[in-house]
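Colleague: One structure is given below, represented as structure tokens, and several questions about it will come after.
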């Protein structure tokens, strides 16, 4: 019996720490991410080129927005929830390329929109916070080169980890999170590192965000792309 009780006591003690530290928390925020592209993409259609985003399309840094809402509570075993929506796009010009089996020239663009639904548990909640959970990411993408457009749509399950270290009595903290998955058609990783400052119900964040995406014959698209840049945002914490 003791072998069963001991792990149970440990789990309950972790959740008790969470209950005592924070009863309820609602976060609403958003910001801007300035991202630079690298990598390549193409289609599985015979004769299509592997197209480099920088040398073939002249893609450069762009800025896009993100927004989120998160709800923390004190109920043991029931996950907290975070919903986040983000967009990312790049534009350039193609010259004498073959995309989707067609010889094309003219304007080019990549647009990637994501909607995250994250269920997570707060394992530690004091001056060190640690979250563990799962993210179901809805990915919608559009690859355009000249007259040809190929769209992708996929629901991607991801592992979610987050940590934050508070500097007591200062309002400052540093933290980061990672969403990651790798399976036959998709390898997807997103990492964010940021510094945070809160005063009252208002908070500000600044940091670095990196997204790596590999698609293998997903809706006829092959891609090996990376986007990295600086992010700036603000939020309300009730």
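The values are calculated or read from the model by the stated rules, or taken from the named source; none is laboratory data. Here the structure is a predicted model, which is why all the values come from computation and not from measurement. Every residue, glycine among them, receives a Cβ derived from its backbone with ideal geometry; neighbour counts consider all protein chains shown.
Colleague: Hey, any hits in the stretch 187-195 for a residue that's modelled with pLDDT under 95, loosely packed, with under 15 Cβ neighbours inside 10 Å and part of a strand (DSSP E or B)?
Modeller: No.
Colleague: If the requirement is being part of a strand (DSSP E or B), within 15 Å of the chain's Cα centre (by Cα) and either exposed (fewer than 15 other Cβ atoms within 10 Å of the Cβ) or at pLDDT below 95 (or both), which of these qualifies: 155, 151?
Modeller: That would be 155, the only listed residue that is part of a strand (DSSP E or B), within 15 Å of the chain's Cα centre (by Cα) and either exposed (fewer than 15 other Cβ atoms within 10 Å of the Cβ) or at pLDDT below 95 (or both).
Colleague: Looking at residue 198, is it more than 21 Å from the chain's Cα centre (by Cα), at pLDDT 95 or above, buried (at least 16 other Cβ atoms within 10 Å of the Cβ) and assigned to a strand (DSSP E or B)?
Modeller: yes
Colleague: Can I ask one more? Would you please name the residue that is surrounded by the most Cβ atoms within 10 Å (Cβ to Cβ), looking only at residues in the stretch 72-123 that are touching a helix residue (DSSP H, G or I) at 6+ places or on another chain (Cβ under 7 Å) and part of a strand (DSSP E or B)?
Modeller: Filtering the stretch 72-123 for residues that are touching a helix residue (DSSP H, G or I) at 6+ places or on another chain (Cβ under 7 Å) and part of a strand (DSSP E or B), the one surrounded by the most Cβ atoms within 10 Å (Cβ to Cβ) comes out as 122.
Colleague: Yes or no: the stretch 164-178 includes at least one residue that is part of a strand (DSSP E or B) and farther than 21 Å from residue 231 by Cβ.
Modeller: no
Colleague: If you take the residues of the stretch 53-71 that are crowded, with 17+ Cβ neighbours inside 10 Å and under 21 Å from residue 143 (Cα atoms), which of them is farthest from the chain's Cα centre (by Cα)?
Modeller: Only one residue fits best here, namely 56.
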